[in-house]
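In what follows, a structure is listed as structure tokens, so that the remarks can point back to it.
The values are calculated or read from the model by the stated rules, or taken from the named source; none is laboratory data. Here the structure is a predicted model, which means the values were calculated and not measured. We place every Cβ from the backbone using ideal geometry, glycine too, and count neighbours over all the protein chains shown.
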Amino acid sequence: MARIKFGTDGWRAVISDDFTFENVRVVGQAVADFVRSRKEPVYRKKKFVVGYDTRFLSDRYAEIVSAVLAGNGIKVILSDRPNPTPAICVCIKDKKLTGGIMVTASHNPPHYNGIKYKGFFGGSAGSDIIDGIEKRLHRSHVKSMVFDEALRRGKIIKQDIVGVQLRRIKKYADMKKLKTAGLKVLVDSMNGTGGTYFRQILKNTGIKMDFIHAGTNPGFGGRAPEPNEKNLKELMKGVKKGRYDLGLATDGDADRIGVVDEKGNMLSGHKVMALLLLHFLRNRNATGGVVQTICGTALIDRICEKYGLRIYETPVGFKYICDIMTKNDILIGGEETGGVGFKNYIPERDGFLTALLIMELMISEKKPLGRIVADMNREYGNYVYEREDMIFPESSRKKLMNGLRKKPLKKVLNKPVREVRDYDGSKFICEDGSWLLLRLSGTEPKLRVYSETRSGKESLKYLKFGKKYALSLM
């Protein structure tokens, strides 16, 4: 029996290996069984939205899971085109639906696909929901309608859900301010669902948009659609050569963003979140707490300390951030990979809105992005974050975790460790505030090694030390 295992952000697996038509049906049935088992009022409507990205067979997988839901008496709104994941969340909130399913493997390599479950609150489902779905896998016979029959009978309705998302974004962003901008922007859509939607959002503004890799390509041009420095060399060079004010990249399902300044420098997700937090505080007079993951930056801590903001820390996975955003007054919540959520929108990431808010910041400050970053670094200190992933077999995971618990570091290089946080991997925080984190990926067979210090050279040394330490535990 092929394995189905939900990680930090849904179930992801290799296409035709574990991610098969049969297993998609099994997951659809488990979702239906979970929904039918719930007695709370939010589950009585029994209406879902289903969307999909530009990966190989994603549209077919979406039809299959929709037909299973329909076969179990759950009405389905099916996206009429590949859509960003946030469109699912906006649709749930807008139409007060029971939940949503997005067929996507987000930033994973092209041979992967996956399923994200979004709850009735319009965000990533927590353990209470995911555990309820997982324990129902393979428990009952799959009931499915024939897709065309379900369409004909109105059990499945195809609709444009992207348009609703774009309208919500335009209401949230300061479009009057954006109309006055004369920015020149280069966008790498990474062959994902971002496409050329920025052009549609920013129509009738003074912002000039050019695109690369905006077309559909299930192979993503041979790279994983993850907006990091390794994958965005062409964008970085293009921004500098073309004298653009800003470079942007959306990941495979357009819920996360990569940002490049006018000199072709890639900003870390930490810097992006810190800039947006300052924008809300200085230019929008907004209030609320802040939430970031265990691999978040001390830069955010410094800003929160100055403004007297409450800060929360979670394990890696936006579902944990989402949970806090739905229960508390949170201004902004984000992770180091460029995914950010905002107050009074949805408790979820949105690459389009994040990008518009970066442009808002540039217009409000009346400075190039690179200078805004430099000013922030001067005021709060320069923090350099690095991350490296190691292929790490499933068979070695338990041994590593036991080793981390039994032999925790007392020093990182020559710096004494003042605190160890081990609720998601092991994070070793030194007396000077620098840190090293080792944690196993919840979506891939990898060990992720993270570091943050005051210099790039030192952060890389931390990574090298961390990898050597991990191997010594094996």
* **Some residue of region 265-281 being part of a loop (DSSP other than H, G, I, E, B), of a type outside the set (S, T, N, Q) and not assigned by TED's automatic domain parsing to the domain that holds L437** => no
* **Selected residue (only one of T337, T354 is under 26 Å from L440 (Cα atoms) and either over 26 Å from the mean Cα position of the chain (by Cα) or assigned by TED's automatic domain parsing to the domain that holds V290 (or both))** => T337
* Asked: What single numbered condition from (1) touching a Leu at 6+ places or on another chain (Cβ under 7 Å); (2) under 26 Å from P347 (Cα atoms) fails to hold for K5?
  -> (1)
* Asked: Can you name the residue in region 100-118 that is in a loop (DSSP other than H, G, I, E, B) and within 16 Å of the chain's Cα centre (by Cα) and, of all such residues, is nearest to D253 (Cα to Cα)?
  -> S106
* Would it be correct to say that T98 is of a type in the set (V, I, T), in contact (Cβ under 8 Å) with a residue 60 or more places away in the chain and surrounded by fewer than 24 Cβ atoms within 10 Å (Cβ to Cβ)? -> yes
* Determine whether region 198-218 contains at least one residue that is among the aliphatic types (A, V, I, L, M) and in a helix (DSSP H, G or I). => yes
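Residue by residue, here is whether (1) surrounded by fewer than 22 Cβ atoms within 10 Å (Cβ to Cβ); (2) over 19 Å from P218 (Cβ atoms); (3) free of Cβ contacts under 8 Å to residues at least 12 places away in the same chain holds:
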position	(1), (2), (3)
Y43	yes, yes, no
K47	yes, yes, no
D53	no, no, no
L57	yes, no, no
Y61	no, no, no
G71	yes, yes, no
K75	yes, yes, no
A87	no, yes, no
C91	no, yes, no
* Structure fact -> In region 385-415, anything modelled with pLDDT of 85 or more and among the hydroxyl-bearing types (S, T, Y) is listed as Y385
* Could you give every pair whose Cβ atoms fall below 7 Å, whose first residue belongs to region 174-191 and is on the phi > 0 side of the Ramachandran plot and in the same structural domain as N204 (by TED's automatic domain parsing), and whose second residue is surrounded by fewer than 18 Cβ atoms within 10 Å (Cβ to Cβ) and assigned to a loop (DSSP other than H, G, I, E, B), counting only separations of at least 6 or pairs across chains? -> N191/G215; N191/T216; N191/N217
* I157 being among the aliphatic types (A, V, I, L, M), in the same structural domain as D18 (by TED's automatic domain parsing) and at pLDDT 95 or above -> yes
* Structure fact -> Note on region 178-195: residues of a type outside the set (A, V, I, L, M, F, W, C) and touching a Ser or Thr at 6+ places or on another chain (Cβ under 7 Å) are K179, S189, N191, G192, T193, G194, G195
* Asked: Of all residues in region 71-99 being more than 26 Å from S144 (Cβ to Cβ) and assigned to a helix (DSSP H, G or I), which is farthest from the chain's Cα centre (by Cα)?
  -> D94
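The rows are residues; the columns are (1) at pLDDT 95 or above; (2) assigned to a strand (DSSP E or B).
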{"site": "D424", "(1), (2)": "no, no"}
{"site": "G433", "(1), (2)": "no, no"}
{"site": "V449", "(1), (2)": "yes, yes"}
{"site": "Y462", "(1), (2)": "yes, no"}
{"site": "A470", "(1), (2)": "no, no"}
* To do: Report whether or not L438 is assigned to a strand (DSSP E or B), under 27 Å from the mean Cα position of the chain (by Cα) and either at negative phi or in the same structural domain as G126 (by TED's automatic domain parsing) (or both).
  => yes
* To do: Within region 177-197, track down each residue that is surrounded by fewer than 22 Cβ atoms within 10 Å (Cβ to Cβ) and assigned to a loop (DSSP other than H, G, I, E, B).
  => T180, A181, G182, L183, T196
* **Residues (surrounded by fewer than 24 Cβ atoms within 10 Å (Cβ to Cβ) and of a type in the set (A, V, I, L, M, F, W, C)) located in region 236-261** => M236, L246
* How many residues does region 220-264 hold that are on the phi > 0 side of the Ramachandran plot and assigned to a loop (DSSP other than H, G, I, E, B)? -> 3
* Asked: Considering only region 143-173, how many residues are free of Cβ contacts under 8 Å to residues at least 60 places away in the same chain, assigned to a helix (DSSP H, G or I), over 16 Å from Q200 (Cβ atoms) and not acidic (D, E)?
  -> 2
* **Breaking point among (1) surrounded by 17 or more Cβ atoms within 10 Å (Cβ to Cβ); (2) touching a strand residue (DSSP E or B) at 6+ places or on another chain (Cβ under 9 Å), for H107** => (2)
* What is the residue count in region 401-419 for residues that are out of contact with any helix residue (DSSP H, G or I) (no Cβ under 8 Å at 6 or more places or on another chain), of a type in the set (A, V, I, L, M, F, W, C) and within 18 Å of L463 (Cβ to Cβ)? -> 2
